[in-house]
Amino acid sequence: MKRLWQAAMEALENGIRENDLFFDVTDTSSPYGEATVKNAHTPYGPDEGSVAVNPYYSYESIFGPVIKTGKVPELTRFLCDMILHHLWKVDAFSGMDLESFYVRFLEADILQGAFGPEVPVEDFTAGEIRLIAYYYLRLCRTGNQERCFCDSVRSLYRNAWVNVREEGSVVLIVNQASTPADERRVAALQNIFLQAGRVCRVFWDIPPGIVECEETPIGHFVLF
C-alpha cells in the first residue's frame, strides 16, 4: 500500500519526468490503498507516467464535492491532476527538518546545472544527486573539504578509500575498474569538494598499498 507521495517518488526515481507524471482518479486499483504506479519504467508521455489514485482515501473532503459517481469528465480529470500535483509535494515535505529542506533546494540547483558542465548530472542517479547536495551543505557549514570529499566518494563507491598526505595532496583508491562515466563522476566530486589546484591522485583497480617513498610503479602496484 502506497501513499500519494510514495507513488510519485517511485515514478520519478524510475525515470518519469515530473511534467509527464499524471494522477488518474478514474482508475483505482484498490479501495484499500491511496495510489498505485502504472508502467513506471517507461518514461514517455502522461499515460506511461500515470499514477492511479483513490481520491477518497485521504482527501475525501477535497474531492468529494468535485468528483461525482460514474464517469469523470476529462476537464475534471485534469483539474484533479493539478490538485494532486500540489498535494503530493505538500505530503512529501511534511515533517521535513530544515536541513532536508535546504538539501532539496541544493538538489534542484544541481539538476538545473548550477555547478556547471564539470558536474554531468546525467551520470548520477537521483539518490546520488541528493547525497551530493547533503555533503555540499555540510561543506558550506564546516569548511572541511577532505571529510566531505571522502564521505561523498564512499557513499558512491563503498570499497574506496581516501588518504590525505602531510603535504596536502589527496590519494583516492577506488578499488574497481574504471569506466568513462565513473571517471567523470569522480572528477565531478573533486570539482565540487576540493579547492582549485588541490592535487588528487586517483587509482582504480590496483591493490591498496601506500608507503612513504617516491612514486614508483612496480607491476600492478603503485607505492608512495
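Miscellaneous remarks
- Qualifying residue in the stretch 150-168 (condition: open to solvent by 70 Å² or more (accessible area, probe 1.4 Å) and within 13 Å of the chain's Cα centre (by Cα)): no
- Against the list (1) open to solvent by less than 80 Å² (accessible area, probe 1.4 Å); (2) at pLDDT 80 or above, the condition Ile206 fails is (2).
- All positions within the stretch 105-154 that are more than 25 Å from Glu183 (Cβ to Cβ), touching a residue at least 12 places away in the same chain (Cβ under 8 Å) and either among the charged types (D, E, K, R) or outside any helix (DSSP H, G or I) (or both): none
- Residue count, the stretch 94-103 (criterion: touching a residue at least 24 places away in the same chain (Cβ under 8 Å) and open to solvent by 40 Å² or more (accessible area, probe 1.4 Å)): 2
- Against the test of being exposed (fewer than 15 other Cβ atoms within 10 Å of the Cβ), among the acidic types (Asp, Glu) and at pLDDT below 85, the options Asp47, Asp109, Asp91 yield a single qualifying residue, Asp47.
- Filtered by the rule that a residue be surrounded by 10 or more Cβ atoms within 10 Å (Cβ to Cβ) and closer than 17 Å to Ala52 by Cβ, the stretch 67-78 gives Ile67, Val72, Thr76, Arg77, Phe78.
- Across the stretch 183-192, not a single residue is classified as modelled with pLDDT of 85 or more, assigned to a loop (DSSP other than H, G, I, E, B) and surrounded by 17 or more Cβ atoms within 10 Å (Cβ to Cβ).
- Of all residues in the stretch 112-130, those being within 28 Å of Val53 (Cα to Cα) and either in contact with a Gly (Cβ under 7 Å, 6 or more places away or on another chain) or loosely packed, with under 14 Cβ neighbours inside 10 Å (or both) number 2.
The values are calculated or read from the model by the stated rules, or taken from the named source; none is laboratory data. Quick caveat: nothing in here was measured; it's all calculated off a predicted structure. With ideal geometry, Cβ positions are generated from the backbone for all residues, glycine too; neighbour counts draw on all protein chains shown. Calculation scope for accessible area: heavy atoms of the full protein, side chains included, ligands and nucleic acids excluded. Shrake-Rupley method; radii C 1.70, N 1.55, O 1.52, S 1.80 Å.
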